[in-house]
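Student: This is the structure I want to talk about, given as structure tokens.
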Amino acid sequence: MFFLVIFIFTCAAKAGLSLNVSNPCPSMCKCTPEETILCNRAGLKALPGEIAASTISLNLSNNYLRILNTNTFRNLTFLHSLWLDGNNLTFLTPGTFHALSRLQELHLSRNSRLTYLHANTFRGLLNLISLDLSHCNIFEIHPLLFSHLPSLENLDLASNNMRYVPQAFRNLSSLTRLSLEGNHIEAIGRDSLKDLEALCDLNLRKNRIWIIQNGAFAKLLRLGMLNLGHNFITDLPNQLFEGLIQLKTMHLEANRITAVGCTFRGLLNLRNLYLNNNQISSISDSAFLYLNKLHFLHLSRNNLSSLPVRLFTELTKLKFVFLSQNPWRCDCSLLRFWRWTAARRAVIEGLDCPFLSPPNTTAPEQPLPGDLGDCTLPLELASEDKCRVAGTSVAPRPPALPGQLILLALACHTWYNERGWGTVVATF
């Protein structure tokens, strides 16, 4: 029996198999039976040499690693998850991860000295699904950096120093989540995001965006969440969000928006809309006309003094409207708006007027004589719909042709037929 055991170990060694008995856990790390090695906060300046080749998950976060080369992970071909966040990495040698074809998850965040990544940095990571590069100091990304990552679904580039949307996204056809939060991006061009057709979640919060070209989101047909909060946006052109047919949540809070027109037409699946902390003083009475699935609307902290009476006419699923900290003019028009909305069981919060006591009741107190006057007049008729969704309006009639031109065409047609020259079709 003894010789049989020796024979088995010898064969395993020749076959290159890793056995736990011959691969003890590094002294400064913790190991689990699931082939996970935890070396975080171990004071490491280099990779321990005792790491088993069969390791599936390796945590090296919060150490002092500075430079990784092509030999660093050469033998760890079974790795699925690798944490390198919170180190002192300054450079990743091209090909550092070339042997990690099974790797699915790579964390490189919080390496504040990491400013640039070579085009071949991630070569070989054919099965990588999630890549975290947040909280570094990356200021530029090579156009081919992500071209070796056909399986990438989740990319986090938050809190870096990028001033524009990189051109490196054109090969990420599988990407579903992208975060560019906390950079210094000022503009979103028409072609900046055109190749990200699988994207479901886009975070552009806390940048310096003030220019967005029409059509910038036109290819993002699957996008469900768009965060543009805390930027410098002032205008909302009508075609700005064209194509976002699956969008459910839109963040536009803390910008510099002053008016809301027909921007949101076509967002037929929108449920949550954040417009708080802007400078909005006017809203078109058709602004929310086609948002039939809207549940939550946040308009607090703006410059609104009144609202169109029938602003929420077709919002049958509206549940909460937040209106606090606006300079409301508590007149008959606002009272009618409140009555109209309350009758449809939407919860209005923050409409601070004396005729609402207590707030959000279904029967407001009658206005005091001389305060609001007679508020029993009928509601004004709805104005013309200026935000009709494209394709739902009746096409305009073509301009009528002058009578003389029609008579001339008929005369020519008769003249040709009398001479047997066939029929001539005139197109106008």
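Read-outs throughout are calculated quantities, based only on the coordinates presented, and are distinct from any laboratory measurement. Note that the structure is a prediction, hence the values are computed from the model and not measured. Neighbour counts run over all protein chains shown; Cβ positions are idealised from the backbone, glycine included.
Student: Between Ser305 and Ala53, with labels modelled 7 Å along Cα→Cβ, what's the label distance in nm to one decimal, could you check?
Tutor: 7.8 nm
Student: So how much slack lies between Thr249 and Phe232, counting 0.36 nm per residue of separation and subtracting their Cα-Cα distance, in nm?
Tutor: Numbers: separation 17, 0.36 × 17 = 6.12 nm, distance 1.95 nm.
The Thr249-Phe232 span can extend by a further 4.2 nm.
Student: Here is a further query. Which residues does the label zone of Glu349 cover in segment 257-282, counting backbone N under 20 Å from a point 7 Å along Cα→Cβ?
Tutor: Of the residues in segment 257-282, 271-278 have backbone N under 20 Å from the label point off Glu349.
Student: Here's another thing I want to ask about it. Simple spin-label model, 7 Å along Cα-to-Cβ: Arg163 to Ser281 in nm?
Tutor: 3.4 nm
Student: Turning to a different aspect of this structure: Pairs Lys206/Lys293; Lys219/Lys248; Lys293/Lys319; Lys248/Lys319; Lys194/Lys293: which exceed 18 Å Cα-Cα? Write out the running numbers ahead of the final one.
Tutor: On the way: Lys206/Lys293 28 Å; Lys219/Lys248 16 Å; Lys293/Lys319 10 Å; Lys248/Lys319 15 Å; Lys194/Lys293 27 Å.
Result: Lys206/Lys293; Lys194/Lys293 exceed 18 Å.
Student: To the nearest 0.05, how large is the calculated FRET efficiency for Ser151 and Tyr64 if R₀ is 25 Å and r is the Cβ-Cβ distance? List each step's numbers first, then the result.
Tutor: Working: r = 31 Å, r/R0 = 1.25.
E between Ser151 and Tyr64, to the nearest 0.05, is 0.20.
Student: Compute the signed sum of charges (Lys and Arg +1, Asp and Glu -1) over the other residues within less than 14 Å, Cβ to Cβ, of Lys219. Each step should come with its number before you reach the end.
Tutor: Working: positive: Arg170, Arg190, Lys194, Arg222; negative: Asp191, Asp195, Glu197, Glu242.
With Lys, Arg at +1 and Asp, Glu at -1, the neighbours total 0.
Student: Enter the Cα centre distance for the pair segment 52-96 and segment 297-316, rounded to the nearest angstrom.
Tutor: Segment 52-96 and segment 297-316 have Cα centres spaced 53 Å from each other.
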